[in-house]
Amino acid sequence: MVERTEAVAGAGRRGARVSMADVARLAGVSSQTVSRVSNGSPSVVPRTRERVLAAMEELGYRPNSAARALKRGEFRTLGVIVFTLSTTGTLRTLEAIAGSAAQEGYAITLIPVAVPTQDGVLGAFTRLGELTVDAVIVIMEVHLLDAVDVRLPQGLHVVVADSEADERYGMVDTDQRGGTRTAVSHLLDLGHRTVHHLAGPKESFCAERRARAWRERLREGGCPVPEPVHGDWSAEGGYRAGLELAADPECTAVFAANDQMALGLLRALHERGRSVPEDVSVVGFDDIAEAASFLPPLTTVRQDFHEVGRRLVAGALRRLRGESDGPGASLVPTELVVRASTAPPPA
């Protein structure tokens, strides 16, 4: 039986339905030849392919992707589950995922989870089972997957970003530990007695990982370990926490868990009459586009979000092909970008 794939007609036949047979008649070829051209088969000679493509364009023919997907057993679509669209890291990672997927000929279906609860996570995977996706990229922590009775649709492949390594899933993460240690070492090498920490939310994996590396590096150097002050990733949260840090006369250096909170910290220090970097040095994490325009320009740890997104898509496609990711997480290196917000401590 010859497959008939329907599409919307172009301007020349507005409102009509164009079939594969219509294209075949106009091009003077068989429906099988049109099917081969539509599926990208290399067995069609160039002159015939050009004639079929011209007929498709003239009639406004578009192959029915759903029918082709069912025939091939693949949908050329990746699902992406996220908790929030408000953070710089998530947005830039999503941008990189979409770009990398498009280069590979895949579309993405985005499923935001408004609240990171068991019901929210379970609902996202339930919806995922109803959608036509080949694999899913999850930007959340593995412990939240473990906390719910998640039953992945049969044959669905999963890659997780920003989480602990887990043999059940492919993992991609920024080198949180290495980037943090470099930031803290930079401040200690400048001569600061210790480094205070403006941490992210306690429930965040990234925040916990950075706080752990900060504490580890101070202990290795025999430095006092101050109690961290927590923000919520936002500039406003950084400002509120920054007021507390600005009131501590012993605070001469701060490592902020992201650039947005570092921005709020800079405001708090300014309002309390403490100059940066003359009185207090500040280092952020992310290297957002605006970091170089802060006053003063912010020293920060650069994350390569483009590479994170590329590796997530590559990992999903490897799993679709039945290839192994190898042991552990795929760690994307970071880079310390030194600007004007850090200096030796006051005499």
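Values in this text are rule-based calculations from the coordinates and carry no lab data. Since this is a predicted model, take the numbers as computed values, not measurements. When we count neighbours, we look across all protein chains shown, and the Cβ atoms used for this are built from the backbone with ideal geometry, even at glycine.
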Exercise for the section: Compute the length gained on full extension between Leu190 and Val225: take 0.36 nm times their separation in residues and subtract their Cα-Cα distance, giving the result in nm to one decimal. Expected result: 10.9 nm
Problem - Packing-based ranking, highest mean first, of 291-298, 132-139, 44-51 given that Cβ atoms within 10 Å are counted - result: 132-139, 291-298, 44-51
Fill in the blank from the handout: The extension gain from Glu278 to Ala54, computed as 0.36 nm times the residue separation minus the Cα-Cα distance, is 73.8 nm
Fill in the blank from the handout: Between Glu203 and Arg25, the FRET efficiency computed from the C-beta separation at R0 = 41 Å comes out, to the nearest 0.05, as 0.05
Problem - Cβ-derived FRET efficiency at R0 51 Å, Leu110 paired with Glu271, nearest 0.05 - result: 0.85
Completion exercise
Square roots of five times the C-alpha gyration tensor eigenvalues of the stretch 217-259, ordered largest first and given in whole Å, equal 21, 13, 8
Problem - Alpha-carbon gyration tensor eigenvalues x 5, square-rooted, for the stretch 211-347, Å - result: 34, 17, 13
Handout entry: Listed peptides 199-212, 330-343 by packing density, highest first (mean Cβ within 10 Å)
Key = 199-212, 330-343
Problem - Stretch gain in nm, segment Glu307-Arg76, where the contour uses 0.36 nm per residue and the Cα spacing is subtracted - result: 81.0 nm
Completion exercise
Neighbours of Asp279 by Cβ distance under 12 Å: Lys/Arg at +1, Asp/Glu at -1, summed charge -1
Completion exercise
Rounded to two decimals, the Rg over Rh value of the stretch 267-343 from Cα coordinates and the Kirkwood Rh reads 1.23
